[in-house]
Amino acid sequence: MSRFLSPFIQSVRRDLLLAARHKTEIVTALFFFVIVVNLLPLGIGPDPDLLRKIAPGALWISALLATLLGLQRLFAPDHADGTLEQMALSPQSFTLLVAGKILAHWLVAGLPVVLIAPVLGLQFDLSGRSLLILTVSLLLGTPILSLIGAVGAALTLGVRGSGALLSLLILPLYIPALIFGAGAVEADLAGLGPDGHLSLLAALLVVSAFFAPWVATVALRVALE
Amino acid sequence: MLSVSHLTCQRGERVLFQDLSFELPESQWLQIAGANGAGKTSLLRILSGLSEPVDGRITWNGSPVREDREAFHADLLYLGHQGALKEELTPLENLTLSLGMEGFNVSEDAAMQALHQFGLHGREHLPVRFLSAGQRRRVLLCRLLLRPARLWILDEPFTALDVHAIGFLSRLIETHLREGGSAVLTSHQSMTLPPGLCVTL
């Protein structure tokens, strides 16, 4: 088992080490998230009821945009310097190596967003319980964003103007995650309980974790031709 | 043994080569000659399995490469034009991490020794972006020492190397051939290797 997973772990380690050498990239995405979330209360005005209502959606949309920010660089540098070729020629499963890269992307881009979200939620006057549900929904949802995003990044690899294309391709696919993620808090506030939404979000996560690395690998092989 | 039959490669509208057949037995090396743009790199990429030929068949030890990709890639070491080196990592990290992803856990000592053999004393912990083109090439060539493989496919391996490194690499290829390995390479330089096969595109 550990032999099977070893290339996966190596791939995660390598991308984390690279991210550690490029700290600005991590910080940029995180600050983007913080600033967008902060702009909303300033623009909308200090009405606690309204803020409480838009909070889940605002945080979710900001998380979505922050993920999109670093997505273009998920495969592009490895494609440019030939690392992707070596990965495709590895006797280990290319899909596992790609899955490792996606996990590393989530650890770098998604996890900080999840961790800082409760703090930002405070300024929207969310209750403790709502903050908890929001954090859980982001914890389940941000990996979906990385997984689906990886498919888009692989499909647009090497295409000119891939940034805009990537957004057009990926944002519609984020809709289910957005609906169930942001909806969990609203459902709870309406007295329905968050379980249904969170279960659907978890199901989405399982499905995308199963298919996305594989689809991204197929797209990468085409891009390498 | 690598055998290729009736290979055709097309780039856009242009047919680069067609009906190309050859066999490369063990302990032999093959030079692919041809002018710039003749399709040497395209051929190497097809041989390694990175791109698909329009037509033709490649087998490794009797089994088609496409059907058993992982077994073929376990025997294959491909060094392309691009470095596959990360500028922000040190040579040591580059080697151990890239080989780790291929399932070869190389100890730091072994990687250090390979770097020393290629004359990179004192550069082991320097980020690759501070190295010259020739030094980067040497880091890349360290893979030949660290990763066991029976078939080497090398695209312009002598580029940017000085006389000393060219000599070392030639001896390395000779040893590889003596031990029953085989190699395919392209080069515009004259080489001091034992006589091998040649395909001109």
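The values are calculated or read from the model by the stated rules, or taken from the named source; none is laboratory data. Keep in mind that what you see is a predicted model, and the values were worked out from it rather than measured. For neighbour counting, all protein chains shown are included, and Cβ atoms are generated from backbone atoms with ideal geometry for every residue, glycine included.
Taking first residues from the stretch B:173-195 that are on the phi > 0 side of the Ramachandran plot and partners that are surrounded by 11 or more Cβ atoms within 10 Å (Cβ to Cβ) and at pLDDT 90 or above, no Cβ contact under 6 Å between residues at least 6 apart in sequence or on separate chains turns up.
Just checking, how many residues over the stretch A:172-225 are small (Gly, Ala, Ser), within 14 Å of another protein chain (Cβ to nearest Cβ) and part of a loop (DSSP other than H, G, I, E, B)?
To start, the set of residues in the stretch A:172-225 that are small (Gly, Ala, Ser) comprises A:177, A:181-184, A:187, A:190-191, A:193, A:196, A:199, A:202-203, A:208-209, A:212, A:216, A:219, A:223.
Now narrow it down to the ones that are within 14 Å of another protein chain (Cβ to nearest Cβ): A:223.
Next, only the ones that are part of a loop (DSSP other than H, G, I, E, B) stay: none.
Summing the residues that are small (Gly, Ala, Ser), within 14 Å of another protein chain (Cβ to nearest Cβ) and part of a loop (DSSP other than H, G, I, E, B) in the stretch A:172-225 gives 0.
In the stretch B:138-177, the qualifying residues are those that are of a type in the set (Val, Ile, Thr) and either touching a Phe, Trp or Tyr at 6+ places or on another chain (Cβ under 9 Å) or surrounded by 20 or more Cβ atoms within 10 Å (Cβ to Cβ) (or both), and the one that is nearest to B:Leu193 (Cα to Cα) is B:Ile173. Search the stretch A:55-71 for residues being modelled with pLDDT of 90 or more and surrounded by fewer than 20 Cβ atoms within 10 Å (Cβ to Cβ), and hand back the single one that is nearest to B:Leu47 (Cα to Cα). Going through the qualifying residues, I end up with A:Leu65. Residues in the stretch A:6-36 that are more than 18 Å from B:Phe104 (Cβ to Cβ) and basic (Lys, Arg): A:Arg21, A:Lys23.
Filter the stretch A:115-145 down to residues that are free of Cβ contacts under 8 Å to residues at least 40 places away in the same chain and either part of a helix (DSSP H, G or I) or touching a Gly at 6+ places or on another chain (Cβ under 6 Å) (or both), then give me how many there are. Spell out how you get there, then give the answer.
The initial filter retains those residues of the stretch A:115-145 that are free of Cβ contacts under 8 Å to residues at least 40 places away in the same chain, namely A:115, A:118-119, A:122, A:127-128, A:131-132, A:135, A:139.
Keeping just the survivors that are either part of a helix (DSSP H, G or I) or touching a Gly at 6+ places or on another chain (Cβ under 6 Å) (or both) gives A:115, A:118-119, A:122, A:128, A:131-132, A:135, A:139.
Within the stretch A:115-145, residues that are free of Cβ contacts under 8 Å to residues at least 40 places away in the same chain and either part of a helix (DSSP H, G or I) or touching a Gly at 6+ places or on another chain (Cβ under 6 Å) (or both) number 9.
Sort out which residues of the stretch B:28-56 are surrounded by 15 or more Cβ atoms within 10 Å (Cβ to Cβ), over 15 Å from the mean Cα position of the chain (by Cα) and either among the polar types (S, T, N, Q) or closer than 22 Å to B:Ser170 by Cα (or both), and write them in order of number. B:Gly34, B:Ser51 - these are the residues of the stretch B:28-56 that are surrounded by 15 or more Cβ atoms within 10 Å (Cβ to Cβ), over 15 Å from the mean Cα position of the chain (by Cα) and either among the polar types (S, T, N, Q) or closer than 22 Å to B:Ser170 by Cα (or both).
Taking every residue in the stretch B:4-27 that is without any contact (Cβ under 8 Å) to a residue 24 or more places away in the chain and within 16 Å of B:Pro64 (Cβ to Cβ) and pairing it with any residue that is part of a loop (DSSP other than H, G, I, E, B) and of a type outside the set (S, T, N, Q), at least 6 positions away or on another chain, the pairs with Cβ-Cβ distances below 8 Å are B:Glu23/B:Met1.
Mind listing whichever residues of the stretch B:90-109 are assigned to a loop (DSSP other than H, G, I, E, B) and at pLDDT 90 or above? Selection gives B:Thr90 alone.
As a summary of the residue check, B:Leu120 satisfies the conditions (1) part of a helix (DSSP H, G or I); (2) touching a Cys at 6+ places or on another chain (Cβ under 9 Å) except for the one numbered (1). For A:Ile148, the requirement of being hydrophobic (A, V, I, L, M, F, W, C), assigned to a helix (DSSP H, G or I) and in contact with an Asp or Glu (Cβ under 9 Å, 6 or more places away or on another chain) is not met.
Against the definition (at pLDDT 90 or above and outside any helix (DSSP H, G or I)), how does A:Leu74 come out, yes or no? For A:Leu74, the condition - at pLDDT 90 or above and outside any helix (DSSP H, G or I) - is met. Just so you know, in the stretch A:1-50 the residues that are small (Gly, Ala, Ser) and surrounded by 18 or more Cβ atoms within 10 Å (Cβ to Cβ) include one that is farthest from the other protein chains (Cβ to nearest Cβ), and it is A:Ala29.
Those residues that are buried (at least 21 other Cβ atoms within 10 Å of the Cβ), at the interface with chain A (Cβ under 9 Å from one of its Cβ atoms) and more than 18 Å from the chain's Cα centre (by Cα), I need them from the stretch B:66-93; list them, please. Those that are buried (at least 21 other Cβ atoms within 10 Å of the Cβ), at the interface with chain A (Cβ under 9 Å from one of its Cβ atoms) and more than 18 Å from the chain's Cα centre (by Cα): B:Lys86, B:Glu93.
How many residues does the stretch A:168-186 contain that are under 22 Å from A:Ile54 (Cβ atoms) and modelled with pLDDT of 90 or more?
Quick first cut of the stretch A:168-186, residues under 22 Å from A:Ile54 (Cβ atoms) only: A:171-172, A:174-186.
Those still in the list that are modelled with pLDDT of 90 or more too: A:171-172, A:174-184.
Counting residues in the stretch A:168-186 that are under 22 Å from A:Ile54 (Cβ atoms) and modelled with pLDDT of 90 or more gives 13.
Screening A:Pro112 against (1) more than 21 Å from the chain's Cα centre (by Cα); (2) surrounded by fewer than 19 Cβ atoms within 10 Å (Cβ to Cβ); (3) modelled with pLDDT of 90 or more leaves a single unmet condition, (1). Residues in the stretch B:94-107: is at least one surrounded by fewer than 16 Cβ atoms within 10 Å (Cβ to Cβ) and over 30 Å from B:Cys9 (Cβ atoms)? For the stretch B:94-107, residues surrounded by fewer than 16 Cβ atoms within 10 Å (Cβ to Cβ) and over 30 Å from B:Cys9 (Cβ atoms): present. Of all the listed residues (B:Ser5, B:Ser42), the sole one being closer than 18 Å to B:Leu154 by Cβ and out of contact with any His (no Cβ under 7 Å at 6 or more places or on another chain) is B:Ser42.
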